[in-house]
Amino acid sequence: MTKMNIAEIQELIPNRYPIYFIDRVDEMIPGERVVALKNVTINEEVFQGHFPGEPVLPGVYILESLAQAGSIPLLQLDRFKGQTAYLGGMNKVKFRKKVVPGDQLMLVVDIVKLKDYAGIGKGVAYVDGKKVCEAELTFIIGR
């Protein structure tokens, strides 16, 4: 199992502000699994409009966080080094609780299928050990 800091993650995935959502990787097994962390802070621009007086992290941001996390174990495989993992699809998406500033999203993605230049991951986001979102994510690897 491998841990990664922000600098190591940014060497791997091309995302940058304002759409960079991974603060740390606590566990990573190439081609198999990742456990990552995203800190949700009131300083994020989205909270200026979503929603005034009741800031809630949009579901698409949670899904993008899961997608960024899920790309990490794929891009650690030798055959995909230096490439980009694109989100090709989402299935079975469910949101269970609100995510608000001050929360820490624990992002767990298990790669359940890998074929040629595509992979499928089962992603689950947690806050304080409670499931807030789950989705099946399809990744397409390309240059």
**OP:** Could you pull out every residue, at least 5 positions away or on a different chain, whose amide H is within less than 5 Å of the one on residue 100? Hs are placed 1.01 Å off N in the peptide plane, and Pro or chain starts have none.
**Re:** 57
Subject >> With Cα atoms, 0 to 90° folded angle of helix 59-75 axis to the chain main axis >> reply: 20
Original post:
At a probe radius of 1.4 Å, what is the per-residue accessible area of residue 131, in Å² to the nearest 10?
Top reply: 80
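Going by accessible area, probe 1.4 Å, with all protein chains left in place, what is the ranking of 41, 138, largest first? Intermediate results must be reported in sequence, preceding the final value.
On the way: 41 55, 138 35 Å².
Of 41, 138, the descending order of accessible area is 41, 138.
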Original post:
When the helices in the chain are scored as -39500 (n - 2.57) per DSSP H run of 4 or longer and the sum is shared across all residues, what 222 nm value do you end up with, to the nearest 500 deg cm²/dmol?
Top reply: -5000 deg cm²/dmol
**OP:** Starting from the Cα of residue 81, draw a straight line to each of the lysines and keep only those under 27 Å, dropping any in the same chain fewer than 8 residues away.
**Re:** 3, 38, 113, 115, 122
**OP:** Restricting things to alpha carbons, tell me how big the range 33-89 is in terms of Rg and Dmax, in Å.
**Re:** 14.6, 47
Original post:
Given a 1.4 Å probe and every protein chain left where it sits, what share in percent of the accessible area of the chain is carbon and sulfur?
Top reply: 51
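Expressed in nm to one decimal, what extension gain is obtained for the pair residue 51 and residue 16 from 0.36 nm per residue of sequence separation less their Cα-Cα distance? Mind dumping the intermediate values first?
Details: separation 35, 0.36 × 35 = 12.60 nm, distance 2.38 nm.
10.2 nm is the gain from fully extending residue 51 to residue 16.
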**OP:** Taking amide H positions as placed in the peptide plane 1.01 Å from N, state which residues far from residue 93 in sequence (5 or more) or on other chains have amide H under 5 Å from it.
**Re:** 136
Subject >> Amide H contacts under 5 Å for residue 133, placed H, 5+ residues apart >> reply: 96, 125
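When only Cα pairs under 8 Å and 6 or more residues apart are kept, what is the percent relative contact order across the range 1-89? Please report the intermediate quantities before stating the final value.
Working: 113 pairs, mean separation 26.7, N = 89.
Worked out over the range 1-89, it gives 30 percent.
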Original post:
Between residue 100 and residue 79, what is the label-to-label distance in nm when each label sits 7 Å out along the Cα-to-Cβ direction?
Top reply: 4.6
**OP:** Please work out how much length the chain gains when fully extended from residue 110 to residue 91, using 0.36 nm per residue of separation minus the C-alpha to C-alpha distance, in nm with one decimal.
**Re:** 5.4 nm
Original post:
Regarding the chain, what is the average projected area of its C-alpha convex hull, in nm²?
Top reply: 8.1
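The values are calculated or read from the model by the stated rules, or taken from the named source; none is laboratory data. Source: prediction; values computed, not measured. Quick reminder, even Gly has a Cβ in these numbers, built from the backbone with ideal geometry, and neighbours come from all protein chains shown. In case anyone asks, the SASA skips ligands and DNA or RNA and just uses the protein heavy atoms, side chains included. Shrake-Rupley method; radii C 1.70, N 1.55, O 1.52, S 1.80 Å.
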